[in-house]
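Next up is a structure, given as structure tokens.
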4 protein chains.
Amino acid sequence: MDELHWKTSITDIKPNKICVRGYPVDKLMGKVSFAQAVYLILKGELPSEAVGKLIEAILVSSIDHGATPPSVLAARTVASTGAELNAAIAAGVLAISRYHGGAIEEGMKLFLEIDRRAEANNISFKEAVNEVLKEMKEKKKRASGFGHRLHTQDPRTKKLFFMAEELGLAGKFVRIALTVEEELANLIGKRLPINVDGAIAALLCELEIPPEIGNAFFIMARVPGLVAHIHEEKRRMKPMRKIHPQDYEYDGPRERDI
Amino acid sequence: MDELHWKTSITDIKPNKICVRGYPVDKLMGKVSFAQAVYLILKGELPSEAVGKLIEAILVSSIDHGATPPSVLAARTVASTGAELNAAIAAGVLAISRYHGGAIEEGMKLFLEIDRRAEANNISFKEAVNEVLKEMKEKKKRASGFGHRLHTQDPRTKKLFFMAEELGLAGKFVRIALTVEEELANLIGKRLPINVDGAIAALLCELEIPPEIGNAFFIMARVPGLVAHIHEEKRRMKPMRKIHPQDYEYDGPRERDI
Amino acid sequence: MDELHWKTSITDIKPNKICVRGYPVDKLMGKVSFAQAVYLILKGELPSEAVGKLIEAILVSSIDHGATPPSVLAARTVASTGAELNAAIAAGVLAISRYHGGAIEEGMKLFLEIDRRAEANNISFKEAVNEVLKEMKEKKKRASGFGHRLHTQDPRTKKLFFMAEELGLAGKFVRIALTVEEELANLIGKRLPINVDGAIAALLCELEIPPEIGNAFFIMARVPGLVAHIHEEKRRMKPMRKIHPQDYEYDGPRERDI
Amino acid sequence: MDELHWKTSITDIKPNKICVRGYPVDKLMGKVSFAQAVYLILKGELPSEAVGKLIEAILVSSIDHGATPPSVLAARTVASTGAELNAAIAAGVLAISRYHGGAIEEGMKLFLEIDRRAEANNISFKEAVNEVLKEMKEKKKRASGFGHRLHTQDPRTKKLFFMAEELGLAGKFVRIALTVEEELANLIGKRLPINVDGAIAALLCELEIPPEIGNAFFIMARVPGLVAHIHEEKRRMKPMRKIHPQDYEYDGPRERDI
């Protein structure tokens, strides 16, 4: 059964030695941030400090969005039946799919296609955007990463783009995303602002993250939020309660400065 | 159906405003690390810088442990069938249970019980440890968080305890864990060193994290590792391959300095 | 790595031959019911026709219970995010836990303990029931399998016990369950009728199913119901809708005769 | 929040009354098989006796296929960590995806497309099959439901088609499937026999099951098999063992007659 032998390039394990992408994990501890370690394990190399900071901001931006996203409702529903913590987290993760968090992967593919097309046809981003948006309209496809049920100007998008600019990491994909926002408004006569998924999509393109793991950034960021909701559900609520998806009230600390 | 109205104290959502435990998330971005945000969302308050650093080191310590832990095998097995990224992550999370990662929660409960007993009976930690270990032996229960199949001196434990000491966060629970290690050796005539789960358990007790969410730290830390394995599986391997649980080889970068 | 060699006694696979517990699966097809095959694969032997009929009735009894059980809400919530069918089913299964479906395993353990105690102490079922219920009251534990939020006389319980009687399969565990119902009423001054989980628990004890797989009968029975709800959600509802856990209306066919 | 009001046509729940698609569930118990109930809940009407028998045979055919399919390995891996029964089942279900079980949905879509094309273009099935197969070849797509790693003549396929014939349910979709098998052999010069997924796909087309729930038949059938493997893993094996995906031996009862 020798043909089952296989290879992996992620982590090397020997007695008393654990090397992640070549770096002893105990040397990483205390020296690199978790965000840098995330980049390392996914890309194979340590990021620059600036890239680490941007990843960190992306993770912080998506740590939670209150009690009503489907991932939270699925996790709370499962927690409410007395299930184990890991089962409730898993249920939450299963809800992070096409329409919830999934806009990152789809947004990345959209931006990469626009870039590819601009280069291949030697046209401007504006022209490429219009070409692609027209084709999507014909296929009745929506542009992922634009518009939000609640936020007309998502504070997370603004801060992410501001930080990317400051850190010197805002390049062509941020420009592409802004062009999509603009041309979309012209096309449909209504402003659909870049939402946090769209902003993360643009930035992950800048960082050359493969789109297939784009949604993973949302999942990695959101797991702590799910844990907080599961814990609150188990501590504060009665088992098997009916969980209303909207009619809830926030009773935590008032807005405060850091 | 007014009786369905409920309350949550985690995150307040208003148009263009998202406050996590009272802090606007866009103010947190760029100012606090993801590790600090994790503490904030779980405990309700921002941690001191020292506590943030310790949480960060805990998360980095457990980001991956190679290709053979059951969580990785479950995630790769599911990924190999062509399942979506979130389904494969969920399968990995489902494998982080009693015998894999679960030692954190059980270790925390053990250390908290020893502390409680020392205080209640006004006895030394050594006496309390011996009492508890004897009771466990009678019930044929093993002490969670001690011993490792491969590592006789886990580099992660050493670094975590070293950092806790440096940061002024090593208190009675670290002493209790070390006492358990010592008395366990006396009792069974064999050294079972504190493993990384045991070390994390002691430190989370120091940080007053509730034991019911102890395992969540392992899960939050390991999700990026799972993503790396799922991505490698999908990119590098053929679908539906038979995944040998041991016969693999590391072919990534050699050990290197940071 | 010879030490990894292992054994299984469930199904033997050879080229063009599949034997489940010794029986060629193509010989089982058309000859045994799915319920009989379920018993075969779990117990290792084909059931009598009577036992097959009882298993069948158990499976039919629990195929669905409308749109509000947490398993359905979890499955619909995940389906609503555009997740794959298997992810939505998995989320539903994760919600079948301690407080939802879990009463089967706990009920079985209760009935087995009462039987064990009656025999060990040479006392009547009534005496054993009272002993056990008193102990549970002291520990503030509830008897699993009794009482229902909605049904004061669950039609499924009645039919299951009637069929068990007809089929000659109602033995001491049905008597024990009825005794618990009676003594519970005396003890707490309020009738908590045996619910469907309690009835299934008693019958699975009669069939010598191990309690650890008691809940599996609920899961096997309910998966088709989950599939129907997921399919309806995807076909009939808009993605990402807010799913109210109570305020829904049935608009299918009116009650009809078979 | 009146706009949250919604409708479902699956099961009506009132005090002491449960009607599945209009039929009181206690009237269904003892009268219809689980297979008939599965059809009822998915399609909305009770099947004829013949259809019920075919569904039953489909479910029995796929109840288990030994220890090495990825769904079993995922379920055993999770079970081996000490996870709950429902978590292990969910992990198994997550592995029933595109390349494992997924051939049913894809096979159904293939057969429906061939039928649609034959009708639309007024050509024979043979011509339509050749058209579609050529297009698939150009896109480097494989025909789902044909060929098996181990079985050159799958006994389940043979029996399913034989039963469908006997029951008068083998119609145009069985002809289409057989035509695909034949033309595929001509096209690639190698016989890829219809496998069990392909056979089920053809039969579910005959029964007018929507393709989007085709894989659900595999999942519903396989859950009992997963439960048997999880139970064996927990009973017979040590926790956290390394599960070899091939090197196992069957030690159950020898082949026997029913």
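If the cut-off is a Cα-Cα distance under 17 Å, which lysines reach residue D:234, setting aside same-chain residues fewer than 8 apart in sequence?
Within the straight-line cut-off, residue D:234 pairs with C:7, C:43, D:242.
Moving to a separate point now. What are the aspartates and glutamates whose alpha-carbon lies under 20 Å from the alpha-carbon of residue D:141, with same-chain residues fewer than 8 places away excluded?
B:84, D:105, D:106, D:113, D:115, D:127, D:131, D:181, D:182, D:183, D:197, D:212
For peptide C:229-242, compute the average count of partner chain beta-carbon atoms within 10 Å of each residue's beta-carbon.
4
In deg cm²/dmol and to the nearest 500, what is the mean residue ellipticity at 222 nm of chain A if only DSSP H runs of at least 4 residues count, each as -39500 (n - 2.57), divided by the residue total?
It lands at -17500 deg cm²/dmol.
Follow-up question, since we're still on this one. Identify the residue of chain C whose Cβ lies closest to the rotation axis that maps chain C onto chain D, and give that distance in whole Å.
Axis relating chain C to chain D; nearest Cβ residue and distance: C:90, 2.
How big is the dipole moment of the stretch B:91-227 about its Cα centre under a simple scheme where the beta carbon of each Lys and Arg is +1, that of each Asp and Glu is -1, and everything else is neutral? Debye, nearest 20, please.
Roughly 580 debye for the stretch B:91-227.
Cut-off 10 angstrom, C-alpha nodes, Gaussian network model of chain C. Which of C:234, C:14, C:53 fluctuates the most?
The residue that fluctuates most here is C:14.
How high is the relative contact order of chain D, in percent, counting Cα pairs under 8 Å that sit 6 or more residues apart?
25 percent.
When you take every Cα atom in the stretch B:121-258, what is the radius of gyration, and what is Dmax, the widest Cα pair distance, in Å?
18.9, 61
What do you reckon, how do C:159, C:126, A:31 stack up by accessible area (1.4 Å probe), largest on top?
A:31, C:126, C:159
Starting from a label point 7 Å past Cα on the Cβ side, list the distances from residue C:136 to the same position in the other copies, nm, shortest first.
3.2, 5.6, 5.8
Can you pull the accessible area of residue A:84 for me, 1.4 Å probe, Å² to the nearest 10?
Here the accessible area works out near 90 Å².
Here is a follow-up. For peptide C:212-221, what's the mean number of Cβ atoms from other chains within 10 Å of each residue's Cβ?
5
How big is the charge dipole of the protein assembly as shown about its Cα centre, in debye rounded to the nearest 20, if each Lys and Arg gets +1 on its Cβ and each Asp and Glu gets -1 on its Cβ?
Around 0 debye, computed over the protein assembly as shown.
Mind putting together the pair-distance distribution for chain B? All Cα pairs, 5 Å bins, whole percent per bin, short to long.
1, 6, 11, 14, 15, 14, 14, 11, 8, 5, 2, 1, 0
Among B:89, B:66, B:51, which residue has its Cα furthest toward the positive end of the charge dipole of the stretch B:1-118, with +1 on Lys/Arg Cβ and -1 on Asp/Glu Cβ?
B:51
Still on this model: Sorted by accessible area (1.4 Å probe), largest first, how do C:7, A:141, C:238 line up?
So, going from the largest accessible area down, we get C:238, A:141, C:7.
Output the DSSP H helices from chain A with an along-axis C-alpha extent of no less than 30 Å and a mean Kyte-Doolittle hydropathy no less than -1.0.
Length and hydropathy pass: A:214-236.
Please list the non-local residues whose amide H lies under 5 Å from the amide H of residue B:18, H modeled 1.01 Å from N, same-chain partners needing a gap of 5 or more.
Amide H neighbours of residue B:18: B:25, B:26.
Kindly state, as a whole number, the per residue volume in cubic angstrom of the convex hull around the alpha carbon atoms of the stretch C:1-98.
In the stretch C:1-98, the Cα convex hull volume per residue is 201 Å³.
Apply the Karplus parameterisation 6.51 cos²θ - 1.76 cosθ + 1.60, with θ equal to phi minus 60°, to every residue of the stretch B:6-11 and state each ³J(HN,Hα) to the nearest whole Hz, in sequence, with x for glycine and proline.
Once rounded to whole Hz, the list reads 9, 10, 9, 10, 8, 9.
Could you check the spin-label model distance between residue A:9 and residue C:153? Points 7 Å from the Cα along Cα→Cβ, value in nm.
Each label point lies 7 Å from its Cα, and together they span 7.2 nm.
May I ask you to report, in nm to one decimal and beginning with the shortest, the distances from residue D:48 to the same position in the other copies, taking label points 7 Å along Cα-to-Cβ?
3.5, 7.2, 7.9
Using a 1.4 Å probe and ignoring any ligands, DNA or RNA, find the accessible area of residue A:6 and quote it in Å² to the nearest 10.
Its accessible surface works out to 10 Å², give or take rounding.
If you bin the C-alpha pair distances of the protein assembly as shown every 10 Å from 0, what whole percents do you get?
Cα pair-distance distribution for the protein assembly as shown, in percent: 2, 11, 19, 24, 22, 15, 6, 1, 0, 0.
Kindly list the residues of the stretch A:88-115 that lie in the label zone of residue B:212, defined by a backbone N under 15 Å from the point 7 Å along the Cα-to-C-beta vector.
Once the point is set 7 Å along Cα→Cβ of residue B:212, A:88-89 turn out to lie under 15 Å by backbone N, inside the stretch A:88-115.
Here is a further query. Other chains near C:48-55: what is the mean number of their Cβ atoms within 10 Å of each residue's Cβ?
If you average over the peptide's residues, the count of other-chain Cβ atoms is 1.
Could you pull out the pairs from C:109/D:238; A:109/A:158; A:137/B:27; B:126/C:109 whose alpha carbons sit more than 29 Å apart here?
A:137/B:27; B:126/C:109
In nm to one decimal, list the spacings between the residue C:237 label point and its equivalents in the other copies, with label points set 7 Å along Cα to Cβ, shortest first.
Result for residue C:237, in nm, nearest copy first: 1.6, 3.5, 3.6.
Let's see if you can work this out: charge +1 on each Lys and Arg Cβ, -1 on each Asp and Glu Cβ, no other charges. What is the dipole magnitude of chain C about its Cα centre, in debye to the nearest 20?
Taking the Cα centre of chain C as origin, the dipole is about 640 debye.
The values are calculated or read from the model by the stated rules, or taken from the named source; none is laboratory data. The structure displayed is predicted, hence computed values, not measured ones. Virtual Cβ from ideal backbone geometry, glycine too; neighbours counted across all protein chains shown. Side chains included, ligands, DNA and RNA excluded: accessible areas come from the protein's heavy atoms. Shrake-Rupley method; radii C 1.70, N 1.55, O 1.52, S 1.80 Å.
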